[in-house]
Amino acid sequence: MKKSMLKSLLFAMIGLFTFSQVQAEERVVATVNGTPILQSQVNAVMGKKGSQRAALDKIIDDMLTEKAIKESGVKVNQAK
């Protein structure tokens, strides 16, 4: 009985730890014109040895460039 109770407690603690790690990664680190930038997005751009600040700057630049292109009405055709 004690073993099964300890196993259950261990699995519950592992589950809680895993859930808290996922939640921590999904925190908002910045907003651009009301659009949130998540920590997971920064991590994806940053890679394994990148700079968090450089990754965040790249995401912000991309978002602002995309917005400027949409607002200017410029259409880009893909080269064939």
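Readers should treat all values here as calculations from the given coordinates under stated rules, not as data from a laboratory. Predicted model only: the values in this text are computed from it and were never measured. Ideal geometry is used to build each Cβ from the backbone, glycine not excepted, and the neighbour counts take in all protein chains shown.
Within segment 30-49, residues that are at negative phi and free of Cβ contacts under 8 Å to residues at least 12 places away in the same chain reach partners that are of a type outside the set (Phe, Trp, Tyr) and outside any strand (DSSP E or B) with beta carbons closer than 6 Å, at six or more positions or on different chains, in the pairs Met46/Gln52; Met46/Ala55.
Give the number of residues within segment 45-57 that are farther than 17 Å from Gly34 by Cα and part of a helix (DSSP H, G or I). So the answer is 6.
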